[in-house]
1. Taking all protein chains in place and a 1.4 Å probe, what share, in percent, of the accessible surface of the chain do carbon and sulfur account for?
2. Tell me the label-point distance for the pair Q100, D23, using the 7 Å Cα-to-Cβ offset, in nm and rounded to one decimal.
3. Given the DSSP H assignment, sum -39500 (n - 2.57) over each helix run of at least 4 residues in the chain and divide by its residue total; what's the result at 222 nm in deg cm²/dmol, nearest 500?
4. Using Cα springs under 10 Å in a Gaussian network model of the chain, which residue among E88, E59, E104 shows the largest mean-square fluctuation?
5. Give me the 1.4 Å probe accessible area per residue for the chain, excluding ligands and nucleic acids, in Å².
6. Expressed as a rounded percentage, what relative contact order does the chain have, with Cα pairs under 8 Å and six or more residues apart?
7. How much FRET efficiency would the formula 1/(1 + (r/R0)^6) give for E10 and D61, where r is the Cβ-Cβ distance and R0 is 35 Å, rounded to 0.05?
8. Once phi is turned into ³J(HN,Hα) by the Karplus curve 6.51 cos²θ - 1.76 cosθ + 1.60 with θ = phi - 60°, what whole-Hz value does each residue of segment 114-121 show in order, with x for glycine and proline?
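The values are calculated or read from the model by the stated rules, or taken from the named source; none is laboratory data. Not measured: the values here are computed from a predicted model. So basically every Cβ, Gly included, is an ideal-geometry build from the backbone, and we count neighbours across all protein chains shown. Protein only, heavy atoms only, side chains kept; ligands, DNA and RNA dropped before computing areas. Shrake-Rupley method; radii C 1.70, N 1.55, O 1.52, S 1.80 Å.
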Amino acid sequence: MPSVDAKAIENAHTFQSAINISDVRFEWGKLAVTLLSGEDKKVAIVRFPWVVGFRLLDEGDLLEFWPACSAVNGWLFLIKKNGWFDLETTRQGFTREKGQGVFEYFVASQNNCLSVLSGEPPEVEVFNI
């Protein structure tokens with residue numbers, strides 16, 4: 001698969017050290033992802049209000065996402081092309097089409113990465129710990 005075309009989602013929350021996904025919760029079509037940056041002493045919660053699907057994989061199994069989604073570019077991305085959504089559209093049983101109000105987002109961390117298909121952009125909150 002070709003390299004991913006991604007755009008970092010601008011937000012006021014940057015981290016100086018590595019972040020890790022520590023919790024993923026899905027309930028009633030909503031997804032909440034908790035990320036921890038121990039050295040920064042911060043926790044980020046990313047909420048996706050309308051989720052169609054999601055997958056969590058080790059970053060080593062997502063080489064097509066690098067370097068576009070590497071830590072130097074951010075940690076939260078909108079995937080424009082050649083991501084998980086495009087891979088799924090090659091399956092005969094997958095009925096969603098691009099341009100139908102579903103977008104792919106990508107949360108990059110040191111331990112795992114999360115791909116999310118969502119009809120609404122994520123909301124981000126960061127707390128000091």
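1. Values: 3780 of 7440 Å².
It is 51 percent, rounded to a whole number.
2. About 3.4 nm, to one decimal.
3. Values: 1 runs with 5 residues, N = 129.
Computed ellipticity for the chain at 222 nm equals -500 deg cm²/dmol.
4. Largest GNM mean-square fluctuation: E88.
5. Values: 7440 Å² over 129 residues.
Counting only protein heavy atoms, the per-residue value for the chain is 58 Å².
6. On the way: 263 pairs, mean separation 45.1, N = 129.
Relative contact order here is 35 percent.
7. Efficiency computed from Cβ-Cβ geometry: 0.80.
8. Working through the residues one at a time gives 10, 9, 9, 9, 9, x, 9, x Hz.
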